[in-house]
Amino acid sequence: MQIARRSSSPATSKTSTRSDAENAARISDRGLVDLIADGDRRAFETLYLRHRSHVFRYLIRLTGNDSLAEEIANDVFLEVWRNAHRFEAKSQVATWLLAIARYKALSALRRRSEAQIDEDAVAAIADPADDPETATDRQRRSAILKKCLTQLPAAQREVIDLVYYQDKSVQEVAGFIGVPANTVKTRTFYARNRIAGLLNEAGLHGAFA
């Protein structure tokens, strides 16, 4: 499905379109989903623009493949358009979107046995205030952290992503991936210890405290 783009029109029509967009932007995620369930394309476009980048970044970290992440992200929002009426508000809309993304990503990775779940370290994002030396050091540290994360078992990488990059609580992660909270704590514990050891070996002491 392609998001509808409206062609040029008289000033009154442009004003109406702009007003519609502004009104949609003020609606909550839940309200947008309700409107999408009724076939409202403006609401769908607003939800897409509001959450597409978040979903895409999550998929890149999960799959380590930009083109695959792009493909799955499109599938996620197509799923939303088709099945918005099934949203039961048991979680936030953002969490619902990530759950759809996770299911589709894991299914795609099972079909692509050569694909490796990877982590895209947040530290890779350059700070405009960094001088060349700082930027180079940031990139080096990011590359080392990324390499360390790839050495974790997939289950531990997923927990690290949800806890540290998605800011989910232990209980939220447990419900999201369908395991007991103690299992989440155990995976996080072993993942942190493993990463800390790998980073220490690489000379980055305390980089993942």
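Coordinate-derived values only; no laboratory data. Everything numeric in this text was worked out from a predicted model, so none of it was measured. Note: ideal-geometry Cβ built from the backbone for every residue, glycine included; neighbour counts use all protein chains shown.
Fully extending the segment from ALA155 to PHE189 would add 11.0 nm, taking 0.36 nm per residue of separation and subtracting the current Cα-Cα distance.
With a simple spin-label model that places each label point 7 Å from the Cα along the Cα-to-Cβ direction, the separation between GLN92 and ASP66 comes to 2.8 nm.
In order along region 192-202, phi translates into HN-Hα couplings of 4, 5, 5, 5, 4, x, 5, 5, 5, 4, 8 Hz, rounded to whole numbers, per the Karplus curve 6.51 cos²θ - 1.76 cosθ + 1.60 with θ = phi - 60° and x for Gly and Pro.
Show me the ranking of peptides 29-42, 49-62 by mean Cβ neighbours inside 10 Å, starting with the highest.
Details: 29-42: 17.1, 49-62: 19.1.
Per-residue Cβ counts within 10 Å, averaged per peptide and sorted highest first, yield 49-62, 29-42.
Residues TRP81, TRP96, ranked from the fewest to the most other C-beta atoms within 10 Å, line up as TRP81, TRP96.
The residues VAL159, VAL179, when put in order of fewest to most other Cβ atoms within 10 Å, stand as VAL179, VAL159. For region 16-111, the relative contact order comes to 32 percent (Cα pairs under 8 Å, sequence separation of at least 6). Given R₀ = 45 Å, what would the calculated FRET efficiency be for ALA181 paired with ARG41, taking r from the Cβ atoms and rounding to 0.05? It comes out at approximately 0.65. By the beta-carbon count within 10 Å of each Cβ, the least crowded to most crowded order of LEU152, LEU47, fewest first, is LEU152, LEU47.
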